[in-house]
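These notes concern the structure reproduced below.
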Amino acid sequence: MDKVPFYKTKTLEQMTSEEWESLCDGCGLCCLQKLEDEATGDIYVTSVACRLLDAKTCQCSDYQNRKSIVPDCLYLDIEMVRSVRWLPETCAYKLVDEGKDLPSWHHLVSHDKKSVHKAHISARDKILVHEDDLISDEDYLGYIIGPING
């Protein structure tokens, strides 16, 4: 008999820190800069990545120390999963919280950490620059990819 995966039997609150971390699909989309239109509230994702995001692996290059290097780096927690509007519809934390199945390309289903890239879900090939390469806030406007979840 096959063992039922933890993400099908536990809520986000019940997960161990190891389970929580393993739920991340490694897409890197959280680490792309977003812009909010103050007039409409619409949120747009850009091809500007956090300085620590490795464009090939879509992993943080210094995950353990990220908060000290990038002070505005956000720790994704349960409250954030439930409140922010910029998480992609494919985010495993969001899917599990909503009682939905993980997609076939998620590494916990496919058993292949590269499947998120093979499915073209990740930030790979979307990153054009890192935030340190931009001079002003207006520079971000030229790197808008599209609306969040749009």
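Taking 4.7 Å between C-beta atoms as the pairing limit, the chain has these partnerless cysteines: CYS24, CYS27, CYS30, CYS58, CYS60, CYS73, CYS91.
Is there a pair in LYS8/LYS118; LYS56/LYS94; LYS56/LYS113; LYS34/LYS114; LYS56/LYS118; LYS67/LYS126 whose C-alpha atoms are over 18 Å apart, and which pairs would that be? Long pairs (Cα-Cα over 18 Å): LYS8/LYS118; LYS56/LYS94; LYS34/LYS114; LYS67/LYS126.
Neighbours of GLU36, meaning other residues whose beta-carbon lies under 11 angstrom from its beta-carbon, give a summed charge of -1 when Lys and Arg score +1 and Asp and Glu score -1.
Eigen-decomposition of the gyration tensor built on the alpha-carbon atoms of the stretch 58-116 gives equivalent ellipsoid semi-axes of 23, 17, 8 angstrom, largest listed first. Considering the stretch 85-132, its Cα convex hull presents a mean projected area of 4.3 nm². Mean sequence separation of contacting Cα pairs (under 8 Å, at least six apart), scaled by the length of the stretch 6-147, corresponds to a relative contact order of 35 percent. Charge dipole (Cα centre; +1 on Lys/Arg Cβ, -1 on Asp/Glu Cβ; no other charges) of the stretch 6-147 amounts to roughly 680 debye. Summarise the long-distance tail of P(r) for the chain by giving the % of C-alpha pairs beyond 18 Å. The share of Cα pairs beyond 18 Å in the chain comes to 61 percent.
Label separation (SER104 vs SER83): 3.8 nm, computed from points 7 Å beyond Cα along the C-beta direction. Backbone geometry of the stretch 7-24 corresponds, through the Karplus equation with coefficients 6.51, -1.76 and 1.60 at θ = phi - 60°, to 3J(HN,Hα) couplings of 6, 9, 10, 10, 7, 4, 5, 8, 6, 6, 5, 5, 5, 4, 5, 5, 5, 4 Hz, x marking Gly and Pro. Applying 1/(1 + (r/R0)^6) with R0 = 41 Å to the Cβ-Cβ distance of ASP137 and SER22 gives a FRET efficiency near 0.70. Using the beta-carbon distance between ASP42 and LEU74 and R0 = 22 Å, what value does 1/(1 + (r/R0)^6) give for FRET efficiency, to the nearest 0.05? The pair ASP42/LEU74 has a calculated efficiency of 0.65.
No lab work stands behind these numbers, since they all come straight from the coordinates. Quick caveat, the model's predicted, so the values are computed rather than measured. Cβ atoms come from the backbone with ideal geometry, glycine included; neighbour counts cover every protein chain shown.
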